[in-house]
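K.L.:
After the structure tokens below, expect a handful of questions from me.
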Amino acid sequence: MTDPGAPSPGAVPRVLDAAAKATLAGEVARRIGVKAEQDGALARHTTMRVGGSADLLVTAHNAFELRALVRFARSRELPLTLLGRGSNVIISDRGVRGLVVHVRAEGTRVDGATYRAEAGVPMARAATETQRAGLAGLEFGLAIPGSVGGAVWANAGAHGSDVREVLESADVLLADGSEVRLGVDDLGLAYRDSRFKHPIAGAAPEVVVAATFRLEPADADAIKASLDDIRRWRQAHQPLGLPSAGSTFRNPDEGPSAGERIDAAGLKGFRVGGARVSEKHANFVITEKGATATDVRRLVDHIHATIRERDGIDLRPEVEFVGDWAGWPWPEDGGGDSVTAA
């Protein structure tokens with residue numbers, strides 16, 4: 001999972017000209033001490049491996065830099081997007097306006113039965129670190145390819161558990177610039193949802209800086225056995241090693257899962273351009289070399305329309321479409337015209 005942000009209040013999602021990019025990059029370097037890459041390529045920072053560039057791309061290596069960059073973007077009324085492990089996003093081929101912060105703040109601490117992790121910590125690492133500490137509860141994190149910040153943002157879950165079940169609190173930068181520690185009951189966590197997905201109109205989006213998990217002491221070897229089971233299940237059922245954003249759609253409230261419905265509709269192997277439905281798991285869209293984000297979105301739209309016509313259900317995307325998707329669909333764009341069944 002990842003945690004795309006939104007424009008700061010009053011921000012205009014405009015394309016910055018070269019002079020403006022250079023000026024802002026210089027300010028970031030002087031004020032925060034980190035390098036801002038102009039027209040930074042984003043595809044390499046996502047698990048789907050598609051998408052355009054950011055006007056400005058900068059990496060936050062710790063929580064201090066993350067706070068400073070968020071406040072900088074807000075003070076300049078720059079559109080701000082936070083990118084964690086890039087595992088739950090489809091970035092537009094037209095790119096992302098403003099400032100994209102690649103969150104690599106990865107500090108962690110075990111204190112008794114609690115585990116504190118900064119926003120950029122991979123969930124898989126959280127699962128293995130807590131296993132070695134003899135703490136149970138985060139095993140499902142091994143199956144979450146995103147970061148802690150993105151997992152809290154989306155209330156990520158797998159294998160019968162989710163973040164809400166083990167989260168104690170989150171350190172959050174509020175819209176007014178202050179930082180508070182909010183308990184789990186204040187975060188609005190629901191199925192693949194949270195308060196962070198619903199910012200107040202006209203206000204800056206809130207940002208997860210770190211999270212604290214309340215876990216249960218357990219035998220480290222027993223926890224490791226559970227992790228091994230999860231690894232085996234994923235290898236058997238998911239297209240690991242291929243470019244993908246993870247589960248494409250949320251499961252409906254009742255009835256067959258999204259993957260089961262897509263499979264029953266005969267869509268395994270269906271492709272649009274360089275994107276296709278995985279033959280191994282129908283709720284995964286995978287890409288080939290040369291694929292575009294346009295291919296992916298057209299395929300997602302086709303799957304959605306097929307299931308709506310067949311089952312009368314509107315599948316809700318679990319992936320986030322980030323960046324400049326203005327005017328979608330783009331009939332004038334010739335990319336992704338090749339549509340074939342398996």
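The values are calculated or read from the model by the stated rules, or taken from the named source; none is laboratory data. Computed from a predicted model, the values in this text were never measured in an experiment. So basically every Cβ, Gly included, is an ideal-geometry build from the backbone, and we count neighbours across all protein chains shown. The area values use the complete protein model at the heavy-atom level, side chains included, leaving out ligands, DNA and RNA. Shrake-Rupley method; radii C 1.70, N 1.55, O 1.52, S 1.80 Å.
K.L.:
Being open to solvent by less than 50 Å² (accessible area, probe 1.4 Å), of a type in the set (Ser, Thr, Tyr) and out of contact with any Asp or Glu (no Cβ under 7 Å at 6 or more places or on another chain) is the filter here; which residues of the range 61-114 pass it?
P.N.:
Of everything in the range 61-114, those that are open to solvent by less than 50 Å² (accessible area, probe 1.4 Å), of a type in the set (Ser, Thr, Tyr) and out of contact with any Asp or Glu (no Cβ under 7 Å at 6 or more places or on another chain) turn out to be 81, 87.
K.L.:
Hey, any hits in the range 116-126 for a residue that's closer than 30 Å to residue 289 by Cβ, touching a His at 6+ places or on another chain (Cβ under 9 Å) and not basic (Lys, Arg)?
P.N.:
Checking the range 116-126: at least one residue is closer than 30 Å to residue 289 by Cβ, touching a His at 6+ places or on another chain (Cβ under 9 Å) and not basic (Lys, Arg).
K.L.:
Residues 172, 152: which one is in a strand (DSSP E or B) and β-branched (Val, Ile, Thr)?
P.N.:
172
K.L.:
Six or more apart or on different chains, Cβ atoms under 7 Å: show the pairs whose first residue is in the range 62-79 and among the polar types (S, T, N, Q) and whose second is part of a loop (DSSP other than H, G, I, E, B) and buried (at least 17 other Cβ atoms within 10 Å of the Cβ).
P.N.:
Pairs that qualify, where the first residue is among the polar types (S, T, N, Q) and the partner is part of a loop (DSSP other than H, G, I, E, B) and buried (at least 17 other Cβ atoms within 10 Å of the Cβ), are 62/105.
K.L.:
While we're here: Mind checking which residues of the range 175-214 are hydrophobic (A, V, I, L, M, F, W, C) and not in a loop (DSSP other than H, G, I, E, B)?
P.N.:
If we filter the range 175-214 for residues that are hydrophobic (A, V, I, L, M, F, W, C), which is where we start, we get 175, 180, 182, 184, 187, 189-190, 196, 200-201, 203-204, 207-211, 213.
180, 182, 184, 190, 196, 207, 208, 209, 210, 211, 213 - these are the residues of the range 175-214 that are hydrophobic (A, V, I, L, M, F, W, C) and not in a loop (DSSP other than H, G, I, E, B).
K.L.:
Looking only at residues that are in contact with a Ser or Thr (Cβ under 6 Å, 6 or more places away or on another chain) and β-branched (Val, Ile, Thr) in the range 272-299, which one is nearest to residue 252 (Cα to Cα)?
P.N.:
Filtering the range 272-299 for residues that are in contact with a Ser or Thr (Cβ under 6 Å, 6 or more places away or on another chain) and β-branched (Val, Ile, Thr), the one nearest to residue 252 (Cα to Cα) comes out as 285.
K.L.:
Considering only the range 232-295, give the strands (runs of 3 or more DSSP E) lying wholly within it that have at least 3 residues that are open to solvent by 40 Å² or more (accessible area, probe 1.4 Å).
P.N.:
Once the strands (runs of 3 or more DSSP E) in the range 232-295 are filtered for at least 3 residues that are open to solvent by 40 Å² or more (accessible area, probe 1.4 Å), nothing remains.
K.L.:
Now for a separate question. Considering only residues that are part of a loop (DSSP other than H, G, I, E, B) and in contact with a Leu (Cβ under 8 Å, 6 or more places away or on another chain), look in the range 215-231 and name the one that is farthest from residue 141 (Cα to Cα).
P.N.:
218
K.L.:
Identify, please: which residue in the range 115-133 is open to solvent by less than 10 Å² (accessible area, probe 1.4 Å) and out of contact with any Gly (no Cβ under 6 Å at 6 or more places or on another chain) and is, among those, nearest to residue 220 (Cα to Cα)?
P.N.:
So, considering only residues that are open to solvent by less than 10 Å² (accessible area, probe 1.4 Å) and out of contact with any Gly (no Cβ under 6 Å at 6 or more places or on another chain), the one nearest to residue 220 (Cα to Cα) is 130.
K.L.:
Could you go through the range 315-336 and let me know if any residue there is at pLDDT 95 or above, in contact with a Leu (Cβ under 9 Å, 6 or more places away or on another chain) and open to solvent by less than 10 Å² (accessible area, probe 1.4 Å).
P.N.:
Within the range 315-336, not a single residue is at pLDDT 95 or above, in contact with a Leu (Cβ under 9 Å, 6 or more places away or on another chain) and open to solvent by less than 10 Å² (accessible area, probe 1.4 Å).
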